[in-house]
Amino acid sequence: MIYLDANATTPMHPEVLEAMMPYLTDCFHNPSSPTLSGRRVRKAIDRAREQVAALIGAAPEQITFTGCGTEANNLALRSMARQAGLGRIVTSAIEHPAILKPCHALQEKGYDLTVCEVDERGYLDLEQYRAALSSGTPGLGTIMWANNETGAIQAIEEIVLLTRAAGWLFHTDAIQAVGKLPLDVKGIPVDFLSISAHKFHGPKGIGALYSRSGEMIEALILGGGQERGARGGTEHVAGIIGMGKAAEMAGIALSEGEHLKGAARRDEFLSCLKNEIEGLRLHSSKGPGLWNVVNFSVEGCFSAALRILLDDAGLVCSAGSACMTGSRKGSHVLEAMGIEKEEAAGALRLSLSLLTTKAELERALDLIKTAVTEVRVEG
Ligand code: PLP
């Protein structure tokens, strides 16, 4: 199988599994237990918190473990919304449902929500964002670092400056950026930032929320006071250990420039794709973007048909985002970029990981060419 769906999820690295195993077997003790065994597990969690913090240039006390990236987003939005005097929320049309849905839920509770547009390349309309910040009472801004479907990287530094100058709080869903790009919250002072382990070869079902103040979190889950009261419930110990190990490995890979090698492989693949497939329209790579994404439509081909053929041939990729699979709706991201419905319905997203090889990409190219020919003949 050739796996080109890393933005949906990544395979867990064998060393991550190895790091987790003791905590699924012998080291099963409750980290809140004052016994020697419990304290050992607590120490391992502390270490994982340091590893996750180090990946984004944070301090361990600024990291709260959550049940997934979606929970980190919800926790950030709820925490910010509860701050006294904040009645407004500004976000963008291309956010993941894990932002758009909680934003709409807050709107139903009386918050004033503005959803800013993006341009045809998928970048936030900064003028609209600035105008939204300047009207009315202060509030909170939430803009994703990098988009899961197109890979577009937003001008986060500028967006943070605008938001802070207006006296607003700022959160970024950095779930697709963390582990793929060198990223440091010391240089870009966001208030909150969401992370998900399974996007960088960690386990599923574990995420984290960075909070600059380390204190402004208002728990969604009340219970035994774990995570300094920010999230009740006995910790998912093995998941946390796995996330820590994956974060450490991602940090090493980034410091060794592995992502730049990945980018070179992607660029070569992309130029072959453009040369060898007629009627290809690219939706990704139109400006600053994640090195691992290729999103395109092929004239006269529906992505659902292409994806099924590719799947049968052993190439796993997405028609749009993984979350849209099974939904009859088109991509809200491509729609926001002004791409015609028919063209958007033909979009395929290939997303590489650091484990993707040149040979796999060469084979993928052949499989895509064959599938396009077949769909065209049948269509
Ligand atoms: N935000 C973005 C941008 C994502 O790509 C995803 C997952 O696809 C999520 C949030 C949700 O993360 P999780 O699957 O950990 O809940």
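The values are calculated or read from the model by the stated rules, or taken from the named source; none is laboratory data. All values reported here derive from a predicted model rather than from experimental measurement. As a convention, Cβ positions derive from the backbone with ideal geometry for all residues, glycine included, and neighbour counts pool all protein chains shown.
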message = Filter the stretch 330-346 down to the residues that are small (G, A, S), modelled with pLDDT under 95 and not in a loop (DSSP other than H, G, I, E, B) and list them by number.
response = A344
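Give the residues of the stretch 45-74 that are small (G, A, S), within 16 Å of the ligand (Cβ to nearest atom) and not in a loop (DSSP other than H, G, I, E, B), sorted by residue number. Before you say what the answer is, go through the steps one by one.
Here is the first cut: in the stretch 45-74, the ones small (G, A, S) are 48, 53-54, 57-59, 67, 69, 72.
Those still in the list that are within 16 Å of the ligand (Cβ to nearest atom) too: 67, 69, 72.
G69, A72 - these are the residues of the stretch 45-74 that are small (G, A, S), within 16 Å of the ligand (Cβ to nearest atom) and not in a loop (DSSP other than H, G, I, E, B).
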request  = Return the residue satisfying two criteria in turn: it lies in the stretch 174-195 and is in a strand (DSSP E or B) and among the aliphatic types (A, V, I, L, M), and of such residues it is farthest from H96 (Cα to Cα).
outcome  = L181
message = Given the condition of a type in the set (S, T, Y) and touching a residue at least 60 places away in the same chain (Cβ under 8 Å), answer yes or no: does some residue in the stretch 76-91 qualify?
response = yes
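Looking only at the stretch 201-215, which residues are away from the ligand (no atom under 11 Å from the Cβ) and buried (at least 21 other Cβ atoms within 10 Å of the Cβ)? Even if it seems obvious, please write down each step before you answer.
Restricting attention to the stretch 201-215, the residues satisfying the condition of being away from the ligand (no atom under 11 Å from the Cβ) are 201, 209-215.
Within the stretch 201-215, H201, L209, Y210, S211 qualify.
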task = Output the qualifying pairs, or none if there are none: Cβ atoms under 6 angstrom, residues six or more apart or on different chains, first residue in the stretch 1-22 and within 10 Å of A238 (Cβ to Cβ) and at pLDDT below 95, second residue assigned to a loop (DSSP other than H, G, I, E, B) and within 16 Å of the ligand (Cβ to nearest atom).
result = none
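Counting only residues that are modelled with pLDDT of 90 or more and in a loop (DSSP other than H, G, I, E, B), which one in the stretch 311-329 is farthest from W291 (Cα to Cα)? Can you show your working first?
Within the stretch 311-329, the subset modelled with pLDDT of 90 or more is 311-318.
Now restrict to residues that are in a loop (DSSP other than H, G, I, E, B): 314, 317.
Values: G314: 23, C317: 16 Å.
So, considering only residues that are modelled with pLDDT of 90 or more and in a loop (DSSP other than H, G, I, E, B), the one farthest from W291 (Cα to Cα) is G314.
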query = Does E127 count as outside the structural domain of H332 (by TED's automatic domain parsing) and either touching a Pro at 6+ places or on another chain (Cβ under 6 Å) or assigned to a loop (DSSP other than H, G, I, E, B) (or both)?
reply = no
query = Which condition number in (1) more than 16 Å from the ligand (Cβ to nearest atom); (2) in a loop (DSSP other than H, G, I, E, B); (3) of a type outside the set (G, A, S); (4) touching a residue at least 60 places away in the same chain (Cβ under 8 Å) is the one that L140 fails?
reply = (2)
